[in-house]
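Below is one structure, written out as structure tokens; comments come after it.
No lab work stands behind these numbers, since they all come straight from the coordinates. The model shown is predicted, which means the values in this text are computed figures rather than measured ones. We place every Cβ from the backbone using ideal geometry, glycine too, and count neighbours over all the protein chains shown.
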Amino acid sequence: MNKPPPSLRRWVFEPDPNPPASRLWLVSLLAILAAFLASGLIFWAYGVSPLTAYITVIQGTLFDSTGLAEVLRRFIPLVLIGSGLTLAFRAQFFNIGAEGQLLMGAVAAAGIALFVPLPAALVLPTMFVVGFLAGGAYALVAAVLKARLGVNEILTTLMFNYVASYLVIYLINGPWQGKTVRGFAYTDPFPPAAVLPTLPGTLVHWPTLILGLIMTVFLQLLLSRSVLGYELRVAGANPTAARYAGISATKVVWLVALCSGGAAGLAGVGEAAGIHQKLLDPSQISLGYGFTAVIVAYLARGNPILTIPTALLMAILFAGGDVMKVSLQMPFRVIDALSGLLLLFLIGSERLVEYRLRRKENPQ
Amino acid sequence: MKLRWIALAAVFLGAMGLAQSAKLKACFVYVGPPGDYGWTFAHDQGRKLAEKALPWLETKYVESVPEGQAMPFIDKFVKDGCQVIFTTSFGYMDETVAAAKKYPNVIFAHNAGYKRAPNLATYMADFYQVYYLSGLMAGALTKTDKVGYVGAYPVPEVKRHIDAFALGVQATNPKATVNVKWINAWFDPAKAAEAANALIAEGSDVFSYTEDSPTTIQVAAKKNLLAIGSHYSPMLKYAPNNVVSGQIVHWDKIYIDFLTKVHNGTYTNKNLQNVDYWWLLSHNAVELGADINMPINPKFIPALKAKMVKDSAGKMVSVYDLVMTQLKEMSQPKPSFDPFTGPLKDRNGVLRVPAGKTMTEEELTSMEWAAPGVVGAWPNEPK
């Protein structure tokens, strides 16, 4: 009896001392699949076959020119904000105030567009620069509070979303309310020089799209090829070690706040100058891009360049929700449920990465 | 044999194709979900009633379309063969104008706006007369002489409604004030509850509102206070003992009229430049009611009959009779009464409508002044 009988061999689920890198991707993929399965149940309960729903979504987004444009339009703010957030999360700076930073970017853009006389060629570049600074400075407040006073940045950035939102409401109802809007809460439309060009027949403001792609590459290089990036990675992975190595935690926090807030500010400039061409109610300026970008950054696992596929995924979901609204006459909250489930399953499965399933023989 | 089947099938399919192409396809862009119990709910009721009434009509809708982003949905509607497209919020105005230019063969109708084109009409069912009648009742029923009003946005539409309401309140109770709180949202139950509670704390005991949820009614009912509060859709069921009356809309009247005229060729994509529906009580597009066909909740009729006031001719009448008489006068094809007839002064004493004049649609849709009795912030108040 050297070999144990088969009944004594069993599967065990145990912590893995050395999880391989591939398991991260496997678990993430499975979590995404599980989220789609669970949402399928919701669609089914609503009376729409999940298969029909997903086929409709894929056909209506990826195999349809209007649909593809709608995906790209959502991709722009998501990739911009998402790539900035990967950096912040990598440095353990949990900036969830991108929504507010986006709004500050939009406010800055509107201020330049409506009230600062500039040569036409300089208007848009100035809007982007000032928008970046406005978003970055807004995040910097939370960074300063964290670095100097140890205030939790999750709370400050979250609360600052509301402050930004009310600032926009104040401006469009008060000092910036347009002369041509008959009392409604909008600014006047931006002059033509402050309007971003779009791909013909779509709402895809391509200059911001290009800016977003450049941003991912730039941030990736900054992170992996520069001294700053090295300091950032060390500070994020092991703050104590970073302190011993003489890396300034303050500097790192400032840098990631500026980058992530600035990127969100750029997204705000794009939405204001590309889509709306005016400042309007905050709930209409951004459709929660600042929050969805958290999923984008989370999925990209700290790699700015990987936000290109992950932002694309979330953009497809966004545009897919619209397709479902029109083609299947489903309520718009359905897609919120889907992205919520996605985040839930991803975070819920996080611990599984450090576990393995192994066939073990019982000791005799 | 086989050929015959194929021929039959072909005829059948052809007939189906014909039957389909004979239907008029109308598509609706909604700003909120049909479940908002207010604005979009009422539009969706109108769409359903039109579809029921018109056998040749086929409809489709898309809900919760953000402002400034309607074009992709309009693109999709046109691709799907929509021949008439309704955009049901002021915020879609510029996009609808652009869409009408982009698709000259499609007929558009924009709700609550003022820009038209050969293939773009505008339409609105307005409540100002109904708000005046609501005000008459509120003035009669308040015991604290303070009437609360929860307003959405300080835009001309809401200001016009508050002014009409305040004129009514002061007609039956010159001592009473209308205390206004803005929530800066069309649909935000949390903010509406906050505003209503603040008004209660200030002493208001009768409420009216312009926002898309039943919140104000529910908050008032909890303290057993009253609301003239079916707004856009009937809301008696939310507080049967507290809802006195309200403002109900029948978008179906406009939708059926417009679509019938499109179907019989009266309206084409060339002749809508001057087509503007500004439909009031006389068109049955709006209704005074706690519920459909119930102008006043019977529970409150005795109290309204007991309260006597002077009518415009100086005769003593009960508020109930006053409301019913003026409702009848305004429901005639040529209304013999209009609340915005001069002389009217604003709350600062500035003459806004001279004696003998009645405000025009143009003046009503851009009015910014506050009526006497209105208390509270009033953005953009003219000096």
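Here the spin labels are modelled as points 7 Å beyond Cα on the Cα-Cβ line, and at A:Val116 and B:Lys270 they lie 5.1 nm apart.
If r is the Cβ-Cβ distance from A:Ala237 to A:Val163 and R0 is 22 Å, what FRET efficiency results, to the nearest 0.05?
Numbers: r = 32 Å, r/R0 = 1.46.
Working from the Cβ atoms, E equals 0.10.
With respect to the cross-link table entries B:Lys175/B:Lys334; B:Lys261/B:Lys328; B:Lys328/B:Lys357; B:Lys223/B:Lys345; B:Lys23/B:Lys270; B:Lys143/B:Lys357, which display a Cα-Cα separation exceeding 26 Å? Let's see the in-between values first.
On the way: B:Lys175/B:Lys334 32 Å; B:Lys261/B:Lys328 28 Å; B:Lys328/B:Lys357 21 Å; B:Lys223/B:Lys345 35 Å; B:Lys23/B:Lys270 21 Å; B:Lys143/B:Lys357 34 Å.
Over 26 Å Cα-Cα: B:Lys175/B:Lys334; B:Lys261/B:Lys328; B:Lys223/B:Lys345; B:Lys143/B:Lys357.
For trypsin sites (Lys or Arg not before Pro), the sites in region A:176-281 that DSSP calls loop and that have at most 11 other Cβ atoms within 10 Å are A:Lys179. Taking a ≥ b ≥ c as the square roots of the Cα gyration tensor eigenvalues, with a/c under 1.5 meaning rounded and otherwise prolate when a/b beats b/c, else oblate, which class fits chain A? It comes out oblate by the Cα gyration axes.
Computed about its Cα centre, the charge dipole of the protein assembly as shown is approximately 1360 debye, with only Lys, Arg, Asp and Glu carrying charge at their Cβ. No disulfide-compatible partner, judged by a Cβ distance under 4.7 Å, exists for the following cysteines of the protein assembly as shown: A:Cys259. Going from the residue with the fewest nearby Cβ atoms within 10 Å to the one with the most, A:Arg148, A:Arg23 rank A:Arg148, A:Arg23.
Where both bridge residues fall in the protein assembly as shown, DSSP classifies roughly 30% of the beta bridges as antiparallel. Across peptide A:180-187, the mean count of Cβ atoms from other chains lying within 10 Å of each residue's own Cβ comes to 6.
Rounded to the nearest whole Hz, the Karplus-based 3J(HN,Hα) values (6.51 cos²θ - 1.76 cosθ + 1.60, θ = phi - 60°) of region B:150-166 follow the sequence 9, x, 6, 10, x, 10, x, 4, 6, 4, 4, 5, 5, 4, 4, 4, 5, with x at glycine and proline.
Near A:Gly178, within a Cβ-to-Cβ distance under 10 Å, what is the net charge of the other residues, with Lys and Arg +1 and Asp and Glu -1?
It works out to a net charge of +2.
Loop-located trypsin sites (Lys or Arg not before Pro) in region B:242-322 (DSSP state other than H, G, I, E, B) with a sparse environment of at most 12 neighbouring Cβ atoms within 10 Å: B:Lys270, B:Lys315. Residues whose amide H comes within less than 5 Å of that of B:Arg352, counting only those at least five positions distant or on another chain, are B:Leu344, B:Lys345, B:Asp346 (H built at 1.01 Å from N in the peptide plane). Amide H contacts for B:Ser366 (H built 1.01 Å from N in the peptide plane; partners 5 or more residues away or on another chain; cut-off under 5 Å): none found.
Gap in Å between the Cα centre of region A:76-114 and the Cα centre of region A:227-252? Here the two parts' Cα centres lie 23 Å apart.
Amide H contacts under 5 Å for B:Ala185: B:Tyr153, restricted to partners 5 or more places along the chain or on a different chain, H placed in the peptide plane at 1.01 Å from N.
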